[in-house]
Amino acid sequence: MKWGLGLIGTHQGANGFIEATIMDLKERIDSKKLPRHIAMIMDGNGRWAKQHNKPRVFGHRNGVKAVREVTEAAAELGIEYLTLYAFSTENWSRPKREVDALMRLLVDTLNKEVATLNKNKIKLRAIGNLELLPTKTHRALLEGMDATKDNDRMTLILALNYSGKWDIKQATQQLIQKAISGEITSDEINEEMVANHLSTASLPDPELMIRTSGEHRLSNYLLWQLAYAELYFTPVFWPDFRKNHLYQAIVDFQSRERRFGKISEQIA
Ligand code: IPE
Ligand code: IPE
Ligand code: MG
């Protein structure tokens, strides 16, 4: 199989496609050209569970290990921000049993992982319409964020009850309020001001967006913020996603020419 990246030492991976060994891939990452911010859509838990003849929630539970691995790998590499899509506005339409199980899993995971986040100096943040989360989930989230607020190695951002359209809508509402109160005029509104009212206000836009499970869509994720992100899709189901898959995505990202509308010759 032709690999394009010229990798050596490949082997047949558990997911049925050629993977390089972890060290091969990690060594190929140029630490000077890392994305500052990686956004991920953790998808495929349900199909993974089905493959194992188990209920969907079994897939969600097994997805927690992937979250741990990816968070650790990103922090080790020196990524500054990692945003994970954990629950979309649209996910409320799932069967109540699944939604309840996901919300409970969130509480359990948050409570369990705070110590590890602190040990690894990772700050937890969240974006989304958080007030509409069940009280227990909201509380666990606020506690987790408070307990990790002084950490400065990496920021882990959970997108919860999040959607890109909601984010742009709430930014619009804030701007209109400011215009009504006379704080700003409509002429003053520029792209930077819009960005500063999104839930990601203080964060750089993600340079790389990774989606697992073979789906090729954004599903209402960070619509404004991903305007110029490099998109990377892998068929791997989220519960199978490991450090080497992240390395693979970053190696691929670093092989791309980001032109931002210019022509190749203009890129130094
Ligand atoms: C992603 O996996 C987890 C959430 C959306 C919460 P899915 O549950 O969407 O899994 P599939 O896509 O049905 O396989
Ligand atoms: C997107 O996955 C949301 C999360 C991963 C949290 P979905 O599985 O909900 O997306 P669609 O519905 O297949 O587009
Ligand atoms: Mg899905």
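The values are calculated or read from the model by the stated rules, or taken from the named source; none is laboratory data. Just so you know, these numbers come straight off a predicted model, no measurement behind them. All Cβ positions, glycine included, derive from the backbone under ideal geometry; neighbour counts span all protein chains shown.
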Seminar exercise, completed: Checked against (1) closer than 20 Å to Asp146 by Cβ; (2) within 16 Å of ligand 3 (Cβ to nearest atom), Asn91 satisfies every condition except (1)
For this session: Mind listing whichever residues of the range 245-263 are within 19 Å of Gly214 (Cβ to Cβ) and acidic (Asp, Glu)?
Result: Asp252
Problem set entry | The listed residue being out of contact with any helix residue (DSSP H, G or I) (no Cβ under 9 Å at 6 or more places or on another chain), among the acidic types (Asp, Glu) and either buried (at least 20 other Cβ atoms within 10 Å of the Cβ) or under 18 Å from Asp43 (Cα atoms) (or both), out of Glu98, Glu90 | Glu90
For this session: Could you tell me whether the range 236-244 includes any residue that is more than 16 Å from ligand 1 (Cβ to nearest atom) and in a loop (DSSP other than H, G, I, E, B)?
Result: yes
Exercise. Any idea how many residues of the range 36-63 are charged (D, E, K, R), over 23 Å from Leu231 (Cβ atoms) and either modelled with pLDDT under 95 or more than 14 Å from ligand 3 (Cβ to nearest atom) (or both)?
Worked result: 2
Exercise. Would the range 220-227 turn up any residue that is more than 16 Å from ligand 2 (Cβ to nearest atom), surrounded by fewer than 23 Cβ atoms within 10 Å (Cβ to Cβ) and either of a type in the set (A, V, I, L, M) or at pLDDT 95 or above (or both)?
Worked result: yes
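Based on what the data block shows, is Leu246 within 16 Å of ligand 2 (Cβ to nearest atom), touching a strand residue (DSSP E or B) at 6+ places or on another chain (Cβ under 8 Å) and not acidic (Asp, Glu)? Before you say what the answer is, go through the steps one by one.
Values: within 16 Å of ligand 2 (Cβ to nearest atom): no; touching a strand residue (DSSP E or B) at 6+ places or on another chain (Cβ under 8 Å): yes; not acidic (Asp, Glu): yes.
When the stated conditions are applied, Leu246 does not pass them.
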For this session: Count, please, the residues in the range 149-162 that happen to be crowded, with 21+ Cβ neighbours inside 10 Å and at negative phi.
Result: 7
Exercise. Taking the condition among the hydrophobic types (A, V, I, L, M, F, W, C), closer than 25 Å to Lys33 by Cα, buried (at least 20 other Cβ atoms within 10 Å of the Cβ) and touching a Ser or Thr at 6+ places or on another chain (Cβ under 6 Å), does Phe253 pass?
Worked result: no
For this session: Among the residues of the range 206-220, write down those that are in a loop (DSSP other than H, G, I, E, B), within 10 Å of ligand 3 (Cβ to nearest atom) and within 12 Å of the chain's Cα centre (by Cα).
Result: Thr212
Exercise. Since Val194 meets every condition but one in (1) closer than 11 Å to Ile41 by Cβ; (2) in a helix (DSSP H, G or I), which condition does it not meet?
Worked result: (1)
For this session: Just give me the residues in the range 25-52 being in a helix (DSSP H, G or I) and within 15 Å of ligand 1 (Cβ to nearest atom), in sequence order.
Result: Asn45, Gly46, Arg47, Trp48, Ala49, Lys50, Gln51
Problem set entry | Matching residues, the range 60-110, being β-branched (Val, Ile, Thr) and not in a helix (DSSP H, G or I) | Ile79, Thr83
Problem set entry | Output for the range 11-35, where each listed residue is buried (at least 18 other Cβ atoms within 10 Å of the Cβ), modelled with pLDDT under 95 and touching a strand residue (DSSP E or B) at 6+ places or on another chain (Cβ under 7 Å) | Glu19, Ala20
